[in-house]
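The values are calculated or read from the model by the stated rules, or taken from the named source; none is laboratory data. Computed from a predicted model, the values in this text were never measured in an experiment. Cβ sites come from the backbone with ideal geometry, for glycine too, and all protein chains shown count toward neighbours. Accessible surface areas use protein heavy atoms only, side chains included; no ligands, DNA or RNA. Shrake-Rupley method; radii C 1.70, N 1.55, O 1.52, S 1.80 Å.
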Amino acid sequence: MAEEPLYQRLAGHYRQAISQGTLAPGARMPSVRELMQRHGVSLSTALHMLRLLEEQGCLEARPRVGYFVRDLALARLPAAREPDLQAPLAPEAACFVGINERISLILEKGRRASPLRLDLGSAMPAPELFDAAALNRLAAVLLREQPNILVYGPSAPTTHPEFQGAMARHALTFGVNVAPAEVLATHGNSEAVNLALDAVAGPGDVVAVESPTFFGILQAIEAQGLQALEIPCSPHTGISLEALELAARSQPRLKAVVVVPHLQMPQGAVMPDAHKQRLVAFCAEHGLALIEDDIYREFVESPRPLRPAKAWDENGHIIYCASLSKSSAPGLRQGWMSAGRWQQRVQMLKFARTRNMQTWSQLLAARSVDTPAYDRQLRRMRTRLRHQRESAAQAIARHFPVGTRLSLPQGGLSLWLELPPGVSSMRLFDEALAIGIRVAPGPMFSNTGRYERFLRLSCGMPFTPEVEAAYRDMGRLIAGQLA
């Protein structure tokens with residue numbers, strides 16, 4: 001019998017250490033360089049060993065960070081699959097979305113559920129993850145300084161200069177250089193994306209989006225009379241540039257591309273820098289607006305701040321949209337954007353729709369972000385969210401049927417699951433709602449019909465015995481569909 005390859009023997013060595021608990025879940029593996037020195041092996045051998053352990057479910061790779069030990073309870077959950085990036089995109093694939101009615105019916109049915117035991121459908125952090133006391137102190141100071149701030153409101157300009165300066169300084173910390181005057185305050189991230197779409201495209205024009213994507217983007221496209229072209233999206237690297245190239249050749253009315261590069265919703269992909277650079281260059285070459293929805297960047301677990309695609313923008317064709325609604329204070333609904341070559345048009349559209357922004361929320365957001373306490377809160381939030389995601393994934397491994405697939409994202413508020421063949425997430429939505437559990441079924445995130453057996457589950461709340469029981473109940477419901 002041929003001797004087992006060296007990389008397989010080394011993988012067995014570390015697999016045993018993991019199974020015995022010597023290397024605990026979450027522990028960082030030695031770097032490739034350390035493995036080469038420790039075992040006297042080549043770069044190829046070290047990489048083969050790490051990749052084999054990853055394939056076997058023992059390790060997870062975190063881009064730019066390294067390999068980490070995975071909980072063996074998760075090893076029976078296969079990783080998310082790459083989409084069929086070679087699937088042809090016919091011109092008729094670009095269609096009016098027609099999703100508003102469907103989404104409204106699902107959301108309304110979820111709102112009417114009574115009693116609701118648990119909401120696993122909303123991708124929002126739990127209130128206890130925010131530093132309400134610090135925000136209240138800032139608010140009190142602001143009211144003492146400007147006691148009439150809630151009475152008179154703003155006159156001009158639309159965006160307060162203090163907010164513009166704070167956001168421009170904040171953007172510098174993650175590699176984006178915008179002048180304060182280029183910062184425009186918005187009512188959350190949704191308004192920013194809506195303004196961007198309105199600025200770059202008109203009725204009948206085509207907008208490329210990731211597939212699956214956040215349903216709010218599809219709703220915005222439909223509401224403005226645009227056509228959505230869904231582009232396959234990898235759960236690891238984001239939108240397929242090959243499929244996007246095909247779309248650009250076949251769609252003369254393609255005007256824009258909308259991406260969520262960091263913790264793409266709902267798959268959780270984090271787009272590598274090289275992929276961002278290729279996407280930026282592609283859009284510039286084809287004269288396409290790139291609308292970058294960067295609402296989740298601050299939730300990515302990374303040793304250094306990740307650079308948005310906007311950091312590589314050389315000719316102003318990227319509209320950058322961000323928000324503090326998830327990371328700082330959801331109640332303020334404070335977003336901002338920098339629209340590049342469309343800045344003046346966006347400002348005109350903004351004023352025509354909502355006139356001036358309230359000063360109160362802008363100043364409170366500016367003073368919150370412009371302090372070291374903001375970064376400390378984000379670090380605490382990322383740590384707690386990681387524990388909640390891992391606990392949820394472990395519960396899925398314990399209670400969901402064999403054949404369920406997921407990949408733990410590099411941060412964020414939710415998990416995206418592929419359920420076993422034969423399972424309907426819409427049926428699961430109805431059955432779970434009947435016992436007081438709200439989830440987000442896959443058909444909410446696409447108009448193609450591809451995601452009937454996919455499911456988004458929120459990990460924003462602490463993992464309690466009640467949450468564990470809800471996962472156990474959903475596992476029984478899914479098993480019932482397979483019976």
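If you place +1 on the Cβ of every Lys and Arg and -1 on the Cβ of every Asp and Glu, how big does the dipole about the Cα centre of segment 157-297 come out, in debye to the nearest 20?
Approximately 160 debye in magnitude.
Of the listed peptides 245-255, 98-108, what is their order by residue-averaged count of other C-beta atoms within 10 Å, with the highest listed first?
245-255, 98-108
For the chain, what relative contact order do you get, as a whole percent, if you take Cα pairs closer than 8 Å and at least 6 residues apart?
20 percent
What angle do you read, to the nearest 10 degrees and between 0 and 90, between the alpha-carbon axis of helix 188-200 and the longest principal axis of the chain?
In the chain, helix 188-200 runs at an angle near 70 degrees to the longest axis.
What angle, in degrees between 0 and 90 and rounded to the nearest 10, separates the Cα long axis of helix 343-354 from the longest principal axis of the Cα atoms of the chain?
On a 0 to 90 degree scale, this one is about 80.
Can you list the aspartates and glutamates whose alpha carbon sits under 14 Å from that of K109, skipping same-chain ones fewer than 8 residues off?
Correct list for K109: E101, D119, D430, E431.
Which of H170, G26, S338 sits closest to the plus end of the dipole of the chain, meaning its Cα is farthest towards the positive end, when Lys and Arg get +1 and Asp and Glu get -1 on the C-beta?
Most positive-ward Cα: G26.
Just by accessible area at a 1.4 angstrom probe, what is the order of Y14, Y67 from largest to smallest?
Largest accessible area first, the residues go Y67, Y14.
To the nearest 500 deg cm²/dmol, what mean residue ellipticity at 222 nm is calculated for the chain from DSSP H runs of n ≥ 4 alone, each contributing -39,500 (n - 2.57), summed and divided by the residues?
Taking each H run of at least 4 residues, the total per residue is -13000 deg cm²/dmol.
If all Cα-Cα distances of segment 246-347 are sorted into 10 Å bins from 0 onward, what percent lands in each bin, rounded to whole numbers?
It works out to 14, 44, 34, 8, 0, in whole percents.
Sequence neighbours fewer than 8 away in the same chain don't count; with that in mind, list the lysines whose C-alpha is under 27 Å from K350.
Straight-distance partners of K350: K255, K310, K326.
Put +1 on the Cβ of each Lys and Arg and -1 on the Cβ of each Asp and Glu in segment 363-483; which of F429, I478, A393 then has its Cα farthest toward the positive end of the dipole?
So the residue we want is A393.
Quick one: angle between helix 465-482 and the longest Cα principal axis of the chain, in degrees between 0 and 90, rounded to 10, please.
70 degrees
Report ³J(HN,Hα) in whole Hz for each residue of segment 52-58, in order, from the Karplus equation J = 6.51 cos²θ - 1.76 cosθ + 1.60 where θ = phi - 60°; Gly and Pro get x.
Couplings: 5, 5, 5, 4, 7, x, 8 Hz.
How do the peptides 385-398, 365-378, 201-214 rank, highest first, by the average count of neighbouring beta carbon atoms within 10 Å per residue?
Taking the mean over residues of other Cβ atoms within 10 Å, the ranking is 201-214, 385-398, 365-378.
As a test of reading the structure, rank W342, W336 by solvent-accessible area (1.4 Å probe, protein chains only), most first.
W342, W336
Treat every Asp and Glu Cβ in the chain as -1 and every Lys and Arg Cβ as +1, leave all other atoms uncharged, and give the resulting dipole magnitude about the Cα centre to the nearest 20 debye.
In total the dipole reaches around 900 debye.
Based on Cβ point charges of +1 for Lys and Arg and -1 for Asp and Glu, what charge dipole magnitude is obtained for segment 311-399 about its Cα centre, in debye rounded to the nearest 20?
360 debye
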